[in-house]
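Heads up: the structure comes next, in structure tokens.
Each value in this text was obtained by applying a stated rule to the coordinates, not by laboratory testing. On a predicted model such as this, the values are computed, not experimentally measured, just so you know. Glycine gets a Cβ as well: all are built from the backbone with ideal geometry, and neighbour counts include every protein chain shown.
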Amino acid sequence: MNVRFREVDPFNCWLWLRFTEIPSQGERNYVDGVFDSWYVLGRLGGFNAENLQTQEEGDQLSWMSYDNDAAAAAMPALMHNMGQLEYHQQWGRCWVDLGTTDAIALDVLINSLRQLDSDVVQLEELLVGGENEDWPVEEHPDSVFPSSN
């Protein structure tokens, strides 16, 4: 799966998936599940790079001292909204308002989709941001900050 970034507006971002073949309903269900799970974690503040204590600890997690005060003091990093995945031929797309979530959210999504590509459904490409000329986008009704187009 090739990953490319185009112009990214975190508050009005389209994510585009190009499949090797038109995905079956079962394959779509897997993709939908990845995006739904990713959104729930983001909505609950799971992608907060300010509080990555276990990641920063490394491989020595036994008897780690977790700093609850530091965790509580971290600024919230919340994903605001996500639209439904849409499918057209070999393409899928999803609108997302990443809100104040940190960029680690995109890393987690990319890692998950790479594994999905390996195990379930062949993905040619993930495009982050921008829009496709052959599948125009309109202003998403849930967008808090309309684009300046």
* To do: Answer rounded, prolate or oblate for region 28-149, using the Cα gyration tensor with square roots of eigenvalues a ≥ b ≥ c: rounded when a/c is under 1.5, else prolate when a/b is larger than b/c, else oblate.
  => oblate
* **Contour minus Cα-Cα distance for ASP9 and HIS88 (0.36 nm per residue)** => 26.1 nm
* Considering the zone a paramagnetic label at GLU139 would reach in this model (a point 7 Å from Cα along the Cα-to-Cβ line), which residues of region 1-40 have amide N under 19 Å from it? -> 9-14
* Dipole magnitude of region 70-140, debye to nearest 20 (Cβ charges: Lys/Arg +1, Asp/Glu -1, about Cα centre) -> 360
* Structure fact -> Scoring region 21-149 by relative contact order with C-alpha pairs under 8 Å, at least six apart, yields a percentage of 27
* Given the options VAL40, VAL96, VAL121, which has the most mean-square fluctuation in a GNM of the chain, springs set between C-alpha atoms less than 10 angstrom apart? -> VAL40
* How high is the relative contact order of region 72-120, in percent, with contacts defined as C-alpha pairs under 8 Å that are six or more residues apart? -> 33
* Pick from GLU138, GLU125, GLU21: which residue has the top mean-square fluctuation in a GNM of the chain where Cα pairs under 10 Å get a spring? -> GLU138
* Asked: Sorted by average packing, counted as other Cβ atoms within 10 angstrom per residue and highest first, what order do 48-57, 97-106, 82-91 take?
  -> 97-106, 82-91, 48-57
* Asked: Around GLY45, which amide H atoms from residues at least 5 apart in sequence, or from another chain, sit under 5 Å from its own amide H, with H modelled in the peptide plane?
  -> MET79
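Counting other beta carbons within 10 Å of each residue's own, what order do ASP134, ASP32, ASP107, ASP117 fall into, fewest first? Don't skip to the answer; put the middle values down first.
Details: ASP134 8, ASP32 15, ASP107 12, ASP117 18.
Taking fewest neighbouring Cβ atoms as first place, the list is ASP134, ASP107, ASP32, ASP117.
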* Asked: For the charge dipole of the chain, defined by +1 on Lys and Arg C-beta atoms and -1 on Asp and Glu C-beta atoms about the Cα centroid, which residue among PRO10, ASN29, LEU41 has the Cα displaced farthest towards the positive pole?
  -> ASN29
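Note down the magnitude of the dipole of the chain about its Cα centre, charges +1 on Lys and Arg C-beta and -1 on Asp and Glu C-beta and zero elsewhere, to the nearest 20 debye. Don't skip to the answer; put the middle values down first.
Values: 7 positive and 26 negative charges, 31 e Å.
Roughly 160 debye for the chain.
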* Rounded to the nearest 10 degrees, what's the angle between the helix 25-43 long axis and the longest principal axis of the chain, both from Cα atoms, 0 to 90? => 40
* What angle do you read, to the nearest 10 degrees and between 0 and 90, between the alpha-carbon axis of helix 104-119 and the longest principal axis of the chain? -> 60
